[in-house]
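Following: one structure in structure tokens, then a few remarks.
The values are calculated or read from the model by the stated rules, or taken from the named source; none is laboratory data. All values derive from a computational prediction rather than experimental measurement. Using ideal geometry, Cβ is built from the backbone for each residue, glycine included, and neighbour counts are taken over all protein chains shown.
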Amino acid sequence: MSFLETNDWMHPFVVFFGSLKKLFLLFCLCFVSLSLFGQESDLEASVKALKRKIGQSQKKSDQLVLLDSLLGQIRNTTEFHYDSIARKTIDLAFELDSTEMALVQISNLIFYLNNRAQRAQEGLEVFRHFQERNIVLDDDRLFAQLYTNGADSHFFSGELAAAIPIYDAAEAFALKGQDSILFALARTYKATAYTSLGKFARASQLLSESAQIFGRARDTTNLLTAWNTLSVLYSQNGFFKEAKKGRDEIMAIIRARHDYNHLIPLLYNASRDFDKMDRQKERIASLTEAYTLMLDPELDQSFAPILAYGLLKAYAQNDSMVRADHMFRTVQQGLALQRPVPYEWLYREALANYHLAKGAYTKALGDAKWILEYGTRTGEFEMAYDANRLLAELYNVLGDTALSYTHYMAYMNHKDSISSVQKINALSYYQTLYETEKQDSKIKAQNIEIALLDTKNKLKTQWILFGGLGLAASFSIVILLYSRNFNRKKRKLQTEFSQHLIKNREDQYTHVSRELHDSVGQKLILLTKEIRKLANGDTVSLAESALEKLRSISRGLYPADLENLGATKAIASMVDEVDAHTDILFTHEIEDIDWALDKDTSLHLYRIVQEAINNLVKHSGAKAASVLIQCKGDTIEVAITDDGKGFDFAEKIRQSTSLGMRTLLERAKIIRSKFRVESDHSKGTTIALTIPAQNEG
Amino acid sequence: MKDRPNITLVIADDHPMLLKGLYEELTAKNYRVVGQAADGMRALELILTQRPTLALLDIDMPLLTGFEVIRMAREKGVSTKFIVLSFHKRLEYVTHAKALHIHGYLLKEDPFFEIERCIGAVLKGEVYFSSSFGTRALENASQDLKKLYLLTPSERAILKLIAKQASTNTIADKLSVSVRTVEKHRSNIIAKLALESGTNTLTNWALTNKKTILEL
């Protein structure tokens, strides 16, 4: 798996703003590079051609189709005015009553504004505008995606509290649409919002649940993201042991996958936690491993400076001066010459520690002051915290007791407040544990410490100080967002891929069926004809049975009935055939739907019914079954019901072996249908499908 | 050999070997083949320009299917009679052909004498379907009984039980389905056979036609 070619790289700054009472975390994400397409010129040519076609097309419906495919091509780059084209497309789609298309494009536009253009505020406006329209559409998965993107807009715009109920709505839609992955994604993102709100207990609970869902769905990438977020959360709250446990599990999997691009930041996070636990040997070991891995030029080099500074600081703090000297020279001859110096605050911090260890106090003082000033200006409290510690130590050796004391006090203040915040968090964390009756024994151990705090009052005032946890947090968020964007893209790619696969297979089957029919079929017909003239019964029936076999194979590959008899009769005939060959009593009521479906949709519908009936015959143990197809307004309702033993659909879909069911779901997506399964262990199963009619009127 | 000066034919099949074979057999028997087509569009064109007495058409053809050719030719008001020569050996196709008022339905592997017999019948204004379907039994049956072919396999199974005087409850028991399911099937059967609705109409009808029903 390579994350390099397909990923945007961004790095964050955590900024505080707002009034005294309201404080928000604002995440500004900056793109350093965007290289989704290897050959930009090809894309440009293709975009130009499409635009020309759009200009030439007379019919608005044609324009809409072209616009849709244009947007598909440019949605991952910021160079082609995706947003203004998307807005036009949305307007046109509404004008032509293509509500679904409009909503898909709205969802994509919000995603683009949040994640590609970093204009979450605009995404927010688009989402609010959508909410004002009060659109009703029977597509829960689409709504789940739309609401997740809308909630993200709030989140990225700093409106954290407002994001929560929207994530809730997204979850509800995902649940209705029976999409466990979408459900868990919304929960994971909601957990991030809760984290930023300081509600760690809730966040950790959500993340654990999401992790379970991803685990059951065997969605490893999302599972790892959830685990990682959880482990970062623990680390932020001083639960280094829990953090380590989770991280170790992730690292084991990532190592097995040889996914070094993701291993490196995890190793860095581990080294920071080791430092906080004062396990210096392990701190240096983690950093060294990461740094050594990074020497492979094939890997993403974005972390290289951070690792170099980290090692320099670690060597200096642990009196490994030979190594520190060597690293100092490497940094000075490389990174220090770049303008701007990458991650300058980390550079300065490493230098200050190095100079301190070398006894070059004046130089160290200069760097430390720089960090304090920068940290105060940007609101990065952890920087200020480290700088104060350094300054206290420096002024002490320089003999300025007064200044040393001032900085020492500032350092201690920060330290106290951080640990208080941690205790408050610990409190709510254990309260949740208590509520969920999971770990009674642990609570007793913590009770004494927690009792010292007057929690409610302090929670508000010390909220600010949470920011002091600083870099660890912001750094983890890099990793989090990094994989979030990747996941979305990957998910989309997977969907596209599996749909492509199904279409491709259908084409191949049709082709093979045609070939069989044209070559062997033709000759077999002639042979049968000739043999009837010449030979006796046995030979004739041999030829006839060969022809019969060919007929059934050919029909299995491609149902020619669809073209010859139309979808309505083809489906009825298929049901009758199963009826004739099984003990199950079938009823069917199939209204004429030939007018409403195009060729591809008919084929997918036929296959869906076929697969559903196959499943029913194989697994349900039903005695009676019915197939009902009705036209209702501009949709077609399909229901396949049996009186069998029922099954746990969610369970079935999770089993990777249930390929038929998965294919069925993908087909439903291809024909833009809503798919529901109602199954009860005593009442049998109903598989229902709502298909939008294509040729209206 | 008989001369057939007044009968003209158009034949269509996208398989060259079969088209050639058919052409040779027909001309050997002195039929006048005025046009041969390898796709549906060409077949339609020939039918519209030549106005043949008969057209022998394959169903699966490029551009237009045999059924589509027939529908479109009829719309243009041609009086040509149609015989379908098909690869598909299923009752649904015969039913479909009947619904389109097609005069003959043959299978591609049917021997030539079957084709001649069919042509003869169609020219006399009769309807002829390949003997491979074994529908002869119902050929001379009443219109009522012909409707039995509209029933699905499940409906036939239930109708047989009704003919054996089984009650709805007994049928439900015997097939391990709910009484509601049986009732649903009964009402579907009544609708398809166009019987008057009433408690005993179906049972009586089944008893009257017991012999035919049990032979289905």
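The figures follow:
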| read-out | value |
| --- | --- |
| Complete set of residues in region B:184-205 that are away from chain A (no Cβ under 14 Å), surrounded by fewer than 18 Cβ atoms within 10 Å (Cβ to Cβ) and touching a residue at least 40 places away in the same chain (Cβ under 8 Å) | B:ALA194, B:THR203 |
| Residue count for region B:154-197, restricted to those that are on the phi < 0 side of the Ramachandran plot and either hydroxyl-bearing (Ser, Thr, Tyr) or outside any helix (DSSP H, G or I) (or both) | 14 |
| In region B:54-63, residue farthest from the chain's Cα centre (by Cα) [restricted to those that are surrounded by 20 or more Cβ atoms within 10 Å (Cβ to Cβ) and more than 10 Å from chain A (Cβ to nearest Cβ)] | B:MET61 |
| So B:ASN209, is it more than 18 Å from A:LEU585 (Cα to Cα) and buried (at least 17 other Cβ atoms within 10 Å of the Cβ) | yes |
| Complete set of residues in region B:80-96 that are more than 10 Å from every other protein chain (Cβ to nearest Cβ), more than 13 Å from B:LEU44 (Cα to Cα) and not in a strand (DSSP E or B) | B:VAL94 |
| Enumeration of residues in region A:273-290 that are surrounded by fewer than 21 Cβ atoms within 10 Å (Cβ to Cβ) and out of contact with any Phe, Trp or Tyr (no Cβ under 7 Å at 6 or more places or on another chain) | A:ASP275, A:ASP278, A:ARG279, A:GLN280, A:LYS281, A:ALA285, A:THR288, A:GLU289 |
| Which numbered condition A:GLY644 fails, given (1) within 14 Å of chain B (Cβ to nearest Cβ); (2) part of a helix (DSSP H, G or I); (3) in contact with a strand residue (DSSP E or B) (Cβ under 8 Å, 6 or more places away or on another chain); (4) at pLDDT below 85 | (2) |
| Candidate set: region A:609-624, residues that are crowded, with 23+ Cβ neighbours inside 10 Å and under 15 Å from A:SER573 (Cα atoms); chosen: the one modelled with the lowest pLDDT | A:ILE613 |
| Residue list for region A:553-590, filter: polar (S, T, N, Q), more than 15 Å from A:ASP518 (Cα to Cα) and more than 8 Å from every other protein chain (Cβ to nearest Cβ) | A:THR568, A:THR582 |
| Filter result for the condition that a residue is among the small types (Gly, Ala, Ser), part of a helix (DSSP H, G or I) and at pLDDT 85 or above, over A:ALA668, A:ALA650, A:ALA688, A:ALA639 | A:ALA668 |
| Flag if A:ASN536 is surrounded by fewer than 18 Cβ atoms within 10 Å (Cβ to Cβ), more than 9 Å from chain B (Cβ to nearest Cβ) and more than 44 Å from the chain's Cα centre (by Cα) | yes |
| Residues of region A:121-160 classified as among the aromatic types (Phe, Trp, Tyr), modelled with pLDDT under 90 and out of contact with any Gly (no Cβ under 9 Å at 6 or more places or on another chain), total | 1 |
| Any hit, region A:591-605, residues being among the acidic types (Asp, Glu), within 14 Å of chain B (Cβ to nearest Cβ), surrounded by fewer than 20 Cβ atoms within 10 Å (Cβ to Cβ) and touching a residue at least 12 places away in the same chain (Cβ under 8 Å) | yes |
| Any hit, region A:313-336, residues being part of a helix (DSSP H, G or I), at pLDDT below 85 and out of contact with any strand residue (DSSP E or B) (no Cβ under 6 Å at 6 or more places or on another chain) | no |
| Close pairs from region A:89-100: first without any contact (Cβ under 8 Å) to a residue 12 or more places away in the chain, partner of a type in the set (A, V, I, L, M), Cβ under 8 Å, at least 6 apart | A:PHE94/A:ALA102 |
| Some residue of region A:386-408 being assigned to a helix (DSSP H, G or I), at pLDDT below 85 and closer than 17 Å to A:ILE306 by Cα | yes |
| Matching residues, region B:64-82, being within 16 Å of the chain's Cα centre (by Cα) and either among the aromatic types (Phe, Trp, Tyr) or more than 23 Å from A:ARG555 (Cα to Cα) (or both) | B:PHE67, B:ILE70, B:ARG71, B:LYS81, B:PHE82 |
| Complete set of residues in region B:15-32 that are surrounded by fewer than 20 Cβ atoms within 10 Å (Cβ to Cβ) and outside any helix (DSSP H, G or I) | B:LYS29, B:ASN30, B:ARG32 |
| Odd one out for A:GLY633 among (1) more than 14 Å from every other protein chain (Cβ to nearest Cβ); (2) in contact (Cβ under 8 Å) with a residue 40 or more places away in the chain; (3) small (Gly, Ala, Ser) | (2) |
| Residue in region A:71-79 that is in a helix (DSSP H, G or I) and closer than 18 Å to A:PHE143 by Cβ present | no |
| Among the residues listed as A:ALA567, A:ALA580, the single one being small (Gly, Ala, Ser), part of a helix (DSSP H, G or I), under 22 Å from B:ASN188 (Cβ atoms) and at pLDDT 90 or above | A:ALA567 |
| Filter result (within 12 Å of chain B (Cβ to nearest Cβ), touching a residue at least 24 places away in the same chain (Cβ under 8 Å) and either surrounded by fewer than 16 Cβ atoms within 10 Å (Cβ to Cβ) or not polar (S, T, N, Q) (or both)) within region A:511-533 | A:ARG514, A:LEU516, A:HIS517, A:VAL520, A:GLY521, A:LEU524 |
| Filter result (within 14 Å of B:TRP205 (Cβ to Cβ), within 12 Å of chain A (Cβ to nearest Cβ) and β-branched (Val, Ile, Thr)) within region B:150-183 | B:ILE158 |
| Some residue of region A:389-400 being under 28 Å from A:GLN236 (Cα atoms), surrounded by 20 or more Cβ atoms within 10 Å (Cβ to Cβ), touching a residue at least 24 places away in the same chain (Cβ under 8 Å) and touching a His at 6+ places or on another chain (Cβ under 7 Å) | yes |
| Test: residue in region B:38-46 that is more than 14 Å from chain A (Cβ to nearest Cβ), more than 25 Å from the chain's Cα centre (by Cα) and either in a loop (DSSP other than H, G, I, E, B) or within 18 Å of B:GLY104 (Cβ to Cβ) (or both) | no |
| Filtered residue count, region A:91-120, keeping only those that are at pLDDT 85 or above and part of a helix (DSSP H, G or I) | 20 |
| Region A:220-267 - residue that is of a type in the set (D, E, K, R) and outside any helix (DSSP H, G or I) and, of those, surrounded by the most Cβ atoms within 10 Å (Cβ to Cβ) | A:ASP259 |
